[in-house]
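Working notes for the structure below.
The values are calculated or read from the model by the stated rules, or taken from the named source; none is laboratory data. Being a predicted model, the structure only gives us computed values, none of them experimental. No Cβ is skipped: glycine too gets one built from the backbone with ideal geometry, and neighbour counts run over all protein chains shown.
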Amino acid sequence: MQHVGFIINGNIVLTSKKINVKNKSNHQVFATCSTSFENDIENAITSAHSAFQTTKKLPSYRRKEILQKIALELSKQKEEFANLISIETGKPIKLSRIEIDRAINTFQFAAEEVDRINGEVLTLDVTAQSDKRFGITKRFPIGPVLAITPFNFPVNLAAHKIAPAIAAGNSIIFKPATAAMVTGNKLASLINEVSDIPGLINSINCSGSMIEKFLGDERIKKISFTGSCEVGWRIKQLAIKQKVTLELGGNAGVMVDKDADLEFAIPRLVSGSFAHAGQICISVQRIFVHKEVFDLFTQKFLEETSRIKCGDPLDENVIVGPMITENDAKRIEEWVNESQSQGAKILIGGKRKGEFYKPTVLTNTNPEMKVNSLEAFAPIVTIEPVSSFEEGVQQINNSKYGLQAGVFTNSLKNALYAFENIEVGGLMINDYPTFRVDNMPYGGIKESGIGREGIKYAIEEMTELKLAVFNKL
């Protein structure tokens, strides 16, 4: 059995306060994990603050070298990490391998971006009063970064915070999700060993409520959080003086136009709706289909859904495993039953067994039902007809969230209309909203967050722009 600690100032810390971690495949305890006391959190912040005096002076080639070594070591341990993700969180093994491939890319992208952390030369002699002056700008490391991550992508979403922080020259305090602490600390240990800089990365195993009292600590200069809207906006309230990036929830909408290529769209939308049991911030939750193709689309969508294999996350053919807890499965069961009592129709699925919830398709819903108005984070999707492309856009916008959306159309006019009018951080045209490549800007508007991830954009948020003005040189 594994005994997992956390990393502070280059050392593994084990405490008397431990939790058992069960294998999501066989429900047997496979590890114990030490959890942090308040003094451990204080020590982690102190360590990061001290290490920043070293990391901020690291030359570009050294930062790049560290990131390249992390990517290389992660590639060597790919299968080990993928299996751990599946065992600890229930993510199907096929998807866990994809996550590790993406995380490797994320660290590699960060290594490449080190060479592009550039400033500008500014022409300032633009008035008589500023004659003989010019300016230069340069980006400087901001300071210790607090990275808080969720369970659903425990390696790649951590990479999206840790990699740009290292690229920028910052130290890190890393809080993995409580449901993915074994995986998170394995990544932290890898980075600690590869970097050989004590305090570059410090990890803490604690609840969100336990870390609240430290959010206003002025030694923490940047907070990057991925998780629920409730927790994210609470962090924003408490972190008054820190720069904050929030990547929060969504209920991604899709418009399928009457001229869309259904043979292409449907397999992507089924995958985007149900992969990893819908536990993805940009999982497809609401589909609006032009009424002229609604019946055909729905028929083919249900046929494709019926072929999905659910079950053991270590089964190579499974794409829908268990939900993270049985309570989450019960929650979505209640939402679906409630919508059914209000007039919704279940076209397929609607069954729960323990932590598993069958892929479920609903219709005859309305925007006020929880299955539409809130983030489901579960393997459910609603499909509704609309009379026009414009109505579909309007329905997508009928949401408090604004993370990503998708449209399927062969009309350039409609694609551009969607780009101009859909209220989201990212619009996928002829693709599902679940699409993300790891160097693109990623983030939401409205309740879905503030700021952007994607290596280049995260580095900008993890640095301070400084100006120098030269006179009479």
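Details
- The range 82-104 residues that are on the phi < 0 side of the Ramachandran plot, paired with ones that are of a type in the set (F, W, Y) and in a helix (DSSP H, G or I) (beta carbon under 6 Å, 6 or more apart): I100/F81
- Residue in the range 262-273 that is within 30 Å of V231 (Cα to Cα) and surrounded by fewer than 19 Cβ atoms within 10 Å (Cβ to Cβ) present: yes
- Across the range 22-36, the qualifying residues are those that are in contact (Cβ under 8 Å) with a residue 24 or more places away in the chain and more than 10 Å from V4 (Cα to Cα), and the one among them that is surrounded by the most Cβ atoms within 10 Å (Cβ to Cβ) is S36.
- Residue count for the range 287-338, restricted to those that are touching an Asp or Glu at 6+ places or on another chain (Cβ under 7 Å), closer than 25 Å to S399 by Cβ and not in a strand (DSSP E or B): 2
- Filtered residues of the range 113-129 (kept if without any contact (Cβ under 8 Å) to a residue 60 or more places away in the chain and touching a helix residue (DSSP H, G or I) at 6+ places or on another chain (Cβ under 9 Å)): V114, D115
- Note on the range 28-54: residues that are more than 26 Å from the chain's Cα centre (by Cα) and in a loop (DSSP other than H, G, I, E, B) total 2.
- A search for C-beta distances below 8 Å between a residue of the range 42-71 that is farther than 27 Å from M210 by Cα and any residue that is surrounded by 23 or more Cβ atoms within 10 Å (Cβ to Cβ) and of a type in the set (F, W, Y), counting only pairs 6+ apart in sequence or on different chains, returns L67/F107; Q68/F107; I70/F107; A71/F107.
- Filter pass, V284 being assigned to a loop (DSSP other than H, G, I, E, B) and of a type outside the set (S, T, N, Q): yes
- Of all residues in the range 275-292 being among the hydrophobic types (A, V, I, L, M, F, W, C) and farther than 19 Å from G227 by Cα, the one that is surrounded by the fewest Cβ atoms within 10 Å (Cβ to Cβ): F288
- Residue in the range 93-113 that is part of a strand (DSSP E or B), crowded, with 21+ Cβ neighbours inside 10 Å and of a type in the set (G, A, S) present: no
- Of the strands (runs of 3 or more DSSP E) lying entirely inside the range 130-203, those carrying at least 1 residues that are in contact (Cβ under 8 Å) with a residue 12 or more places away in the chain and farther than 23 Å from S36 by Cα are 133-141.
- N39 fulfils the conditions (1) in contact (Cβ under 8 Å) with a residue 12 or more places away in the chain; (2) loosely packed, with under 14 Cβ neighbours inside 10 Å except for a single criterion, (1).
- Per-region count, the range 401-415, residues without any contact (Cβ under 8 Å) to a residue 40 or more places away in the chain and either over 24 Å from E263 (Cβ atoms) or not assigned by TED's automatic domain parsing to the domain that holds K258 (or both): 0
- Residue that is nearest to A275 (Cα to Cα) [pool: residues in the range 402-434 that are surrounded by fewer than 22 Cβ atoms within 10 Å (Cβ to Cβ) and aromatic (F, W, Y)]: F419
- The range 355-377, subset over 27 Å from D257 (Cβ atoms) and either of a type in the set (F, W, Y) or in contact with a helix residue (DSSP H, G or I) (Cβ under 6 Å, 6 or more places away or on another chain) (or both), residue surrounded by the most Cβ atoms within 10 Å (Cβ to Cβ): Y357
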